[in-house]
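**Student:** Next up is a structure, given as structure tokens.
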Amino acid sequence: MLQNIRDNSTGIIAKTIVGLIAITFVITGINFFSGSPDDPVLANVGGIEVTERQFNKKMEQERRQLMQVLQDPQAINENLLKQSVLNALIEDAAAQSYSLNLGFDVSDQLVDQAILGIPQFRTDGQFDPVRYDQALRGLGLSRLGFREELERNLFTYQLKGGIEGSAMVFPNEAKRLAELQFQTRSGFIATIDIEKYIPDLSVSDAEVEAYYTNNSSRFLTTEKARLEYVTISTNEFLSNVKIPDAAVRSAYDEEVSLASEETERRARHVLIANADDALDRAKEFRTQILNGKPFEDVAKEASDDIASRETGGDLGFAQSGTFAPEFEVALNTLPLNTLSEPVKTEYGYHLIEVLEARTKPIDPFEIREPIIRDDLEQTEARRLLTESLEEFSNIAFSGSLEELKKAYGVDIRLSGLVDRTGGEGFFSKPELLRRAFAEDLRSGELNAEVFEVEPDVWMTFRIKSYEPSEVQSLETVKASINDVLVTKKALEAAVSDGEILLGHWTEQKPGIPENVIKPVLIKEFNELTREGSEEIATQFIPAIFAVPAPGNKNPGVKLQVLNDRQVIVSRIDSVTLGVPDDDSITQLKAALTQLRTEQEGREYWSVITSQAEIVRP
């Protein structure tokens, strides 16, 4: 198994790595983290550290995704989330450790191929350095740091590719599966509808009462509440907010001032990755440039930064803090159009040249004015709302909704009946529904604690009416119970007739036995495929092909119940294996391989994680 993984990892990874990376990038933004000497270690898994920074970053991602679904921070179980995130990071570390122990390696060529192939970095099918930078800024990563972290994560993908490439499906397996898939069957199917039994059946009052007593939980009404509520939001304050023109101009001037202090530099570089001769090579390339060889030619021929190599080393405009600290120092101290000495960072040696420097661009006042005014109005309204919330909450706690209406001019509204499944608008919010059915509010004597039902919208309410969940009276549900019991008896009678027919056919007797109570509809089928026929309804096909094949001169027989309304008895007299074409065999082989890959992958990852040595400080 291990040798298969080693062998397949080099081949399959070249075909699948870009897809794996791209999928991960879309879903999670890539789980890339860089530790630091001061980053506390939460666990050491086979020599791979899980750090606090990794944990916090992953927590932030998972919490954000949960909020999109739950929309209520209080609905998130923080302890459960923390444990889940830590377990996921430990599993990732275990996979990386295992990859290293197997002696896997990641070549520069593979890293280059992965970067160039990620769709989020491409425009019109070509690698786009601008999009590359934008994506990395969104992740809080530098170009150089991204490459190193990608290389580390590729170990895990390589192992995954090796496992997937090791799943085997033999040709005879696929051929046999195809033959079974395209088989034909001949025999009979009998259908017994329970409706034929119902007119002759009845239930006693005692049976109805017994069912009602034993199944009372089935007859509970839905708990409901009707609310009187008020909301307060920034909208209540916006009409009173007036932002002077001078304030708008002042805010714009501040933006301009701040932008003037933010310098963006456009630079280009040649990276010589860490190696024993890296410094000597960097010096040699610097000499070539000083002697007249174009910088861009050296970058295209020699740079190990795949992202900028094709653009002659051009990194574009970047804000301060984008690159490694040593790189930043060089950018801030180099005169324009001056070639640096080799600059050492953790990624290797760089030859750097600053091409341009500019202050951060900002739109003219005419464009920014309405945006700034709206921001200032919202900020002021939010401030007024925040200042009012304490008093609003105090009144809600000790007073009435009428007092809130008088003090703040808010409207008292009445909801319809709401149950725990919620409704529309505010009444679909979990944070409201949880409070609406709180036991201490059911009396209607207290207002709910003020809470944020939507961003910048705060609410309190009082229960106007409450309808508890209770068992409906016997008279109310008697008719439905009668239907249930009659249907149950009809199904039992139909199954009884079906079992008689089943025994009759098992003994290879023809026709229908005389002691079957109700008429049975029998249809014969010949050379029936899984696609069905005009004579046999589609819903019966799965039942027919679920019957065991005949053997020892005995037919295959089976009784099945469909949707509790129909009894099916199938008899198979002969099965003819299909003769599939090559395309069908290929498709089924691919499906079986995928199924086996997923199964073996789950088992393998489980073993890797369980065997990893985990040390927690």
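The values are calculated or read from the model by the stated rules, or taken from the named source; none is laboratory data. This structure is a prediction, so every number in the text was calculated from the model and none was measured. Glycine gets a Cβ as well: all are built from the backbone with ideal geometry, and neighbour counts include every protein chain shown. Keep in mind that these areas ignore ligands, DNA and RNA; they rest on the heavy atoms of the full protein, side chains included. Shrake-Rupley method; radii C 1.70, N 1.55, O 1.52, S 1.80 Å.
**Student:** Hey, among ASP280, ASP314, which residue is under 30 Å from GLN109 (Cβ atoms), among the charged types (D, E, K, R) and in contact with a helix residue (DSSP H, G or I) (Cβ under 9 Å, 6 or more places away or on another chain)?
**Tutor:** On the way: ASP280 fails: in contact with a helix residue (DSSP H, G or I) (Cβ under 9 Å, 6 or more places away or on another chain).
Criteria check complete, one pass: ASP314.
**Student:** Sort out for me the helices (runs of 4 or more DSSP H) sitting completely within the range 293-401 that have 3 or more residues that are more than 30 Å from LEU227 (Cα to Cα) and open to solvent by 50 Å² or more (accessible area, probe 1.4 Å). Steps first, answer last, please.
**Tutor:** On the way: elements: 295-302, 306-309, 325-333, 365-398.
Ranges flagged: 295-302, 325-333, 365-398.
**Student:** Does the range 272-290 contain any residue that is among the β-branched types (Val, Ile, Thr) and farther than 29 Å from LEU150 by Cβ?
**Tutor:** Of the range 272-290, the ones among the β-branched types (Val, Ile, Thr) are 272, 287, 289.
Filter once more, so that each one left must be farther than 29 Å from LEU150 by Cβ: 287.
Within the range 272-290 (the criterion being among the β-branched types (Val, Ile, Thr) and farther than 29 Å from LEU150 by Cβ), the answer is yes, since at least one residue qualifies.
**Student:** Identify, from the list PHE365, PHE392, the residue that is out of contact with any Ser or Thr (no Cβ under 9 Å at 6 or more places or on another chain), at pLDDT 90 or above and of a type in the set (Phe, Trp, Tyr). Spell out how you get there, then give the answer.
**Tutor:** Details: PHE392 fails: out of contact with any Ser or Thr (no Cβ under 9 Å at 6 or more places or on another chain).
Of the residues listed, the single one that is out of contact with any Ser or Thr (no Cβ under 9 Å at 6 or more places or on another chain), at pLDDT 90 or above and of a type in the set (Phe, Trp, Tyr) is PHE365.
**Student:** Still on this model: May I ask you to list the residues in the range 218-234 that are under 36 Å from the mean Cα position of the chain (by Cα) and part of a helix (DSSP H, G or I)?
**Tutor:** Selection gives ARG218 alone.
**Student:** Could you say which residue among ARG602, ARG571, ARG530, ARG565 is closer than 30 Å to ILE90 by Cβ and out of contact with any Ser or Thr (no Cβ under 7 Å at 6 or more places or on another chain)?
**Tutor:** Answer to the check: ARG602.
**Student:** Scan the range 556-574 for residues that are loosely packed, with under 15 Cβ neighbours inside 10 Å, touching a residue at least 60 places away in the same chain (Cβ under 8 Å) and not hydroxyl-bearing (Ser, Thr, Tyr) and report the count. Steps first, answer last, please.
**Tutor:** Kept after step one, since they are loosely packed, with under 15 Cβ neighbours inside 10 Å, are these residues of the range 556-574: 562-565, 574.
Add one more test, that the residue is touching a residue at least 60 places away in the same chain (Cβ under 8 Å), and what stays is 564-565, 574.
Going one step further and asking which of them are not hydroxyl-bearing (Ser, Thr, Tyr), we end up with 564-565.
So the answer is 2.
**Student:** What residue, among those in the range 451-499 that are open to solvent by 20 Å² or more (accessible area, probe 1.4 Å) and under 22 Å from THR234 (Cβ atoms), is farthest from the chain's Cα centre (by Cα)?
**Tutor:** TRP458
**Student:** Is there any pair linking a residue in the range 352-372 that is within 28 Å of PHE285 (Cα to Cα) and in contact (Cβ under 8 Å) with a residue 12 or more places away in the chain to one that is open to solvent by 60 Å² or more (accessible area, probe 1.4 Å) and in a loop (DSSP other than H, G, I, E, B), with Cβ under 6 Å and at least six apart or on different chains, and which?
**Tutor:** VAL354/LEU336
**Student:** Can I ask one more? Check ALA299 against each of (1) over 30 Å from PHE461 (Cβ atoms); (2) small (Gly, Ala, Ser); (3) over 41 Å from the mean Cα position of the chain (by Cα) and name the one condition it does not meet.
**Tutor:** Evaluating ALA299 over (1) over 30 Å from PHE461 (Cβ atoms); (2) small (Gly, Ala, Ser); (3) over 41 Å from the mean Cα position of the chain (by Cα) leaves (3) as the failure.
**Student:** A follow-up question, please. Whether any residue in the range 190-206 is assigned to a strand (DSSP E or B), in contact with a Phe, Trp or Tyr (Cβ under 9 Å, 6 or more places away or on another chain) and within 30 Å of PHE525 (Cβ to Cβ) is what I want to check. Step through it out loud before you land on a result.
**Tutor:** As a first pass, look at the range 190-206 and keep what is assigned to a strand (DSSP E or B): 190-193.
Okay, now just the ones that are also in contact with a Phe, Trp or Tyr (Cβ under 9 Å, 6 or more places away or on another chain), so 190-191.
From the residues that got through so far, the ones that are within 30 Å of PHE525 (Cβ to Cβ) too are 190-191.
Yes, the range 190-206 contains at least one residue that is assigned to a strand (DSSP E or B), in contact with a Phe, Trp or Tyr (Cβ under 9 Å, 6 or more places away or on another chain) and within 30 Å of PHE525 (Cβ to Cβ).
**Student:** Let me ask something else. Pull out all pairs, ordered by first then second residue, where Cβ-Cβ is under 7 Å, the residues are six or more apart or on different chains, the first lies in the range 594-609 and is more than 15 Å from TYR98 (Cα to Cα) and open to solvent by 40 Å² or more (accessible area, probe 1.4 Å), and the second is assigned to a helix (DSSP H, G or I) and not polar (S, T, N, Q).
**Tutor:** Pairs that qualify, where the first residue is more than 15 Å from TYR98 (Cα to Cα) and open to solvent by 40 Å² or more (accessible area, probe 1.4 Å) and the partner is assigned to a helix (DSSP H, G or I) and not polar (S, T, N, Q), are GLU600/ILE163.
**Student:** Starting from the range 302-331, take each residue that is among the hydrophobic types (A, V, I, L, M, F, W, C) and list its partners that are open to solvent by 20 Å² or more (accessible area, probe 1.4 Å) and in a helix (DSSP H, G or I), counting only C-beta distances under 6 angstrom and pairs at least six apart or across chains.
**Tutor:** ALA302/PHE285; ILE306/ASP112; ALA307/PRO129
To keep it simple, each residue is scored yes or no on (1) modelled with pLDDT of 75 or more; (2) of a type in the set (Asp, Glu); (3) open to solvent by 60 Å² or more (accessible area, probe 1.4 Å); (4) under 30 Å from VAL457 (Cα atoms).
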| site | (1), (2), (3), (4) |
| --- | --- |
| ILE23 | no, no, yes, no |
| ILE30 | no, no, no, no |
| PHE55 | yes, no, no, no |
| LYS58 | yes, no, no, yes |
| GLN61 | no, no, no, yes |
| VAL130 | yes, no, yes, no |
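**Student:** Can you name every residue in the range 240-257 that is assigned to a helix (DSSP H, G or I) and surrounded by 12 or more Cβ atoms within 10 Å (Cβ to Cβ)?
**Tutor:** ALA247, VAL248, ARG249, SER250, ALA251, TYR252, GLU255, VAL256
**Student:** Which one is nearest to ALA307 (Cα to Cα), of the residues in the range 63-99 that are in contact (Cβ under 8 Å) with a residue 40 or more places away in the chain and open to solvent by 80 Å² or more (accessible area, probe 1.4 Å)? Step through it out loud before you land on a result.
**Tutor:** To start, the set of residues in the range 63-99 that are in contact (Cβ under 8 Å) with a residue 40 or more places away in the chain comprises 70-72, 74-75, 86, 89-99.
Filter once more, so that each one left must be open to solvent by 80 Å² or more (accessible area, probe 1.4 Å): 71, 74, 91.
Working: GLN71: 39, GLN74: 43, GLU91: 30 Å.
Here the residue is GLU91.
**Student:** Next question. Quick check on this structure: which one of LYS518, LYS558 is modelled with pLDDT under 85, of a type in the set (D, E, K, R) and closer than 30 Å to VAL484 by Cα?
**Tutor:** The conditions single out LYS518.
**Student:** Restricting the search to the range 193-208, which residues are under 22 Å from VAL561 (Cβ atoms) and either in contact with a Pro (Cβ under 8 Å, 6 or more places away or on another chain) or open to solvent by less than 60 Å² (accessible area, probe 1.4 Å) (or both)?
**Tutor:** Those that are under 22 Å from VAL561 (Cβ atoms) and either in contact with a Pro (Cβ under 8 Å, 6 or more places away or on another chain) or open to solvent by less than 60 Å² (accessible area, probe 1.4 Å) (or both): ASP193, ILE194, LYS196, TYR197, ILE198, LEU201, VAL203.
**Student:** Oh, and also: So, ILE572, is that one more than 44 Å from the chain's Cα centre (by Cα), of a type in the set (A, V, I, L, M) and at pLDDT 90 or above or not?
**Tutor:** On the way: more than 44 Å from the chain's Cα centre (by Cα): yes; of a type in the set (A, V, I, L, M): yes; at pLDDT 90 or above: yes.
Yes; evaluated as a whole, the condition is true for this residue.
**Student:** Right, another one. For GLU613, which of the numbered conditions (1) open to solvent by less than 40 Å² (accessible area, probe 1.4 Å); (2) in contact (Cβ under 8 Å) with a residue 40 or more places away in the chain fails to hold?
**Tutor:** All conditions are met except number (1).
**Student:** Can you report the number of residues in the range 508-526 which are open to solvent by 80 Å² or more (accessible area, probe 1.4 Å), touching a strand residue (DSSP E or B) at 6+ places or on another chain (Cβ under 6 Å) and closer than 25 Å to ASP200 by Cα? Even if it seems obvious, please write down each step before you answer.
**Tutor:** First, pick out the residues of the range 508-526 that are open to solvent by 80 Å² or more (accessible area, probe 1.4 Å): 508-510, 514-515, 517, 519, 521, 523-524, 526.
If we keep only those that are touching a strand residue (DSSP E or B) at 6+ places or on another chain (Cβ under 6 Å) as well, we get 521, 523-524, 526.
Then keep just the ones that are closer than 25 Å to ASP200 by Cα; that gives 521.
Here the count works out to 1.
**Student:** A further question follows. Which residues, taken from the range 258-280, are open to solvent by 70 Å² or more (accessible area, probe 1.4 Å) and assigned to a helix (DSSP H, G or I)? Break it down stepwise before answering.
**Tutor:** Kept after step one, since they are open to solvent by 70 Å² or more (accessible area, probe 1.4 Å), are these residues of the range 258-280: 258, 261-262, 274, 276-277, 280.
Passing the criteria: LEU258, GLU261, ASP280.
**Student:** For residues in the range 402-439 being open to solvent by 90 Å² or more (accessible area, probe 1.4 Å) and under 24 Å from LEU70 (Cα atoms), which is farthest from the chain's Cα centre (by Cα)?
**Tutor:** GLU439
**Student:** Looking at (1) open to solvent by less than 90 Å² (accessible area, probe 1.4 Å); (2) under 19 Å from SER186 (Cα atoms); (3) out of contact with any Phe, Trp or Tyr (no Cβ under 9 Å at 6 or more places or on another chain), which is the only condition TRP505 fails?
**Tutor:** The failed condition is (3).
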